[in-house]
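Notes to accompany the following structure.
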Amino acid sequence: MKFDLIIALATVSVAIVLSMRSVARFALWRAVVTPLASIIGSGFLLLGPILNTGYGGYAPLIMLVLCLAAFLFGGVIRFNIAAGEKSVQNGDYGRAAIRIETIASWTLAFAYIISVSYYLNLLGAFALSLTPFNSGFDAKLLTTGVFIIIVLVGWSRGFKSLEKMEYVSVSLKLAIIAGLLVGLMGHFGHQALNDGLIFNPQKVSGWSAITLAFGLLITVQGFETSRYLGSEYDAKTRIKSMRLAQWLSTAIYLVYILLISYVFRPDQMSSSETGIINMMQIVAPILPFLLVAAALASQFSAAVADTSGSGGLFSELSRNRISERHAYLLLAIIGIALTWSADIYAIVSYASRCFAIYYGLQAALGAVIATKRDAGGLRVGFYAALAVFGAIIAIFGQPVE
């Protein structure tokens, strides 16, 4: 009971700090919040069980590799931001740069469609996880219903009214994550003092371990959102905000995975999408309820943001031949089809592949820009290698079995 109270106090304290006017209105923090929330959103709920079940005691190392890959791709996107998006569109870096940027934008639009399906399927699973209706069929029904609601809202009123809840949902999620980390620190310390730490064996190895990691790229995706905040922040702020968001998310992820990797036996872990709930029940009774609240708030707001972003991209790229309304309808049709034809881990893999293609294209764009700006053969070669790496991830990434 006392431990639950400590976790609750930590959660409330962080929520109060984040809701303070001086914090909420701090420009750099607001610029950091959008990519930070995207990076540590859904992945935070899935990564713990997946990495621990698959990689055992080596889970923190895999987490570090995922964060490093994300940081490398983030670096090339920051380079492209500094080069100037308008300069690319105006042809200052040649026609090849314009073509790559256009293809990358189309890829991102479709990646958003798959990511919305991922968000809402996770929402459906978590929403019913603590109820008598905790079944795959009921979760898919709920996910389908939320898809229909989002499309109806976007079709009739747009998302402006829903977008106002973004900062609130982000603050709630970050506060709950703080409470979760406090709970895990206490549990880890207790296990360590009682010689209860465990180094679990890995279940996947060799090429299978590599391709599984490729399929998890989306769980550290989201930093690219800084690039599309040009109407609100200048290039310098967006570059700084993306870098800070990646550093903060890396620190949070590494601490989280480190704390969770050595305190649960294999029989206490589950690779299901809601496996984290059962694991946290062992730590403290309050944590499953906090995680469900975080899932509902974060997944819905993320789905709204990506639905809106996808609609805007389709409209812009098609020169208004595809309206935002029709883009929302297309998103719902594809999302509902994915919901009923694939499990959440297959959807995660599809989304990871789409984002890998997008990141690879951004790396290729960076190589073209670096060549035009005479930035040096080393930079050009590195960005070209990243482009190839993105293609490899897209081709070989595999879902959790």
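Just so it is clear, none of the values below were taken in a lab; they were calculated from the coordinates. Because the structure is a prediction, the values reported are computed rather than measured. All Cβ positions, even for glycine, are placed from backbone atoms using ideal geometry, and neighbour counts span all protein chains on display.
The figures follow:
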{"read-out": "Of S129, S115, S208, the one that fluctuates the most in a GNM where the chain has Cα springs shorter than 10 Å", "value": "S208"}
{"read-out": "³J(HN,Hα), Karplus 6.51/-1.76/1.60, whole Hz, each residue of the stretch 337-348, x for Gly, Pro", "value": "4, 5, 4, 8, 10, 9, 7, 5, 6, 5, 5, 4"}
{"read-out": "Residue pairs, from the table K203/K240; K240/K372; K2/K173; K173/K240; K173/K203; K140/K173, whose Cα atoms sit over 28 Å apart", "value": "K203/K240; K173/K203"}
{"read-out": "Cβ-based exposure ranking for L9, L291, in which fewest neighbours within 10 Å come first", "value": "L9, L291"}
{"read-out": "Loop-exposed trypsin sites (Lys or Arg not before Pro) per DSSP, neighbour cap 11 Cβ within 10 angstrom, longest uninterrupted part of the chain", "value": "165-318"}
{"read-out": "Inter-label distance for L329 and W155, nm, one decimal - labels placed 7 Å from Cα along Cα-to-Cβ", "value": "0.7"}
{"read-out": "Å³ per residue enclosed by the Cα convex hull of the stretch 189-308", "value": "153"}
{"read-out": "Candidates G360, G312, G335: whichever shows maximal mean-square fluctuation once the chain is modelled as a Gaussian network with Cα springs under 10 Å", "value": "G312"}
{"read-out": "Binned Cα-Cα distance frequencies in the stretch 245-401 - 5 Å width, integer %", "value": "2, 7, 9, 12, 17, 17, 14, 10, 7, 4, 2, 0"}
{"read-out": "GNM top mover of T102, T11, T307 - the chain, alpha-carbon springs below 10 Å", "value": "T102"}
{"read-out": "More than 11 Å apart - percent of Cα-Cα pairs taken over the stretch 184-223", "value": "74"}
{"read-out": "Given [x] 34; [y] 42; [z] 39, the label whose value is percent of Cα pairs over 30 Å apart derived from this model", "value": "[z]"}
{"read-out": "Between helix 59-83 and the chain: long-axis angle, C-alpha atoms, 0 to 90°, nearest 10", "value": "30"}
{"read-out": "Helix-derived mean residue ellipticity, 222 nm - over the chain, DSSP H n ≥ 4, -39500 (n - 2.57), to 500", "value": "-26000 deg cm²/dmol"}
{"read-out": "The chain: angle of helix 166-193 to the longest principal axis, Cα-based, in degrees nearest 10", "value": "40"}
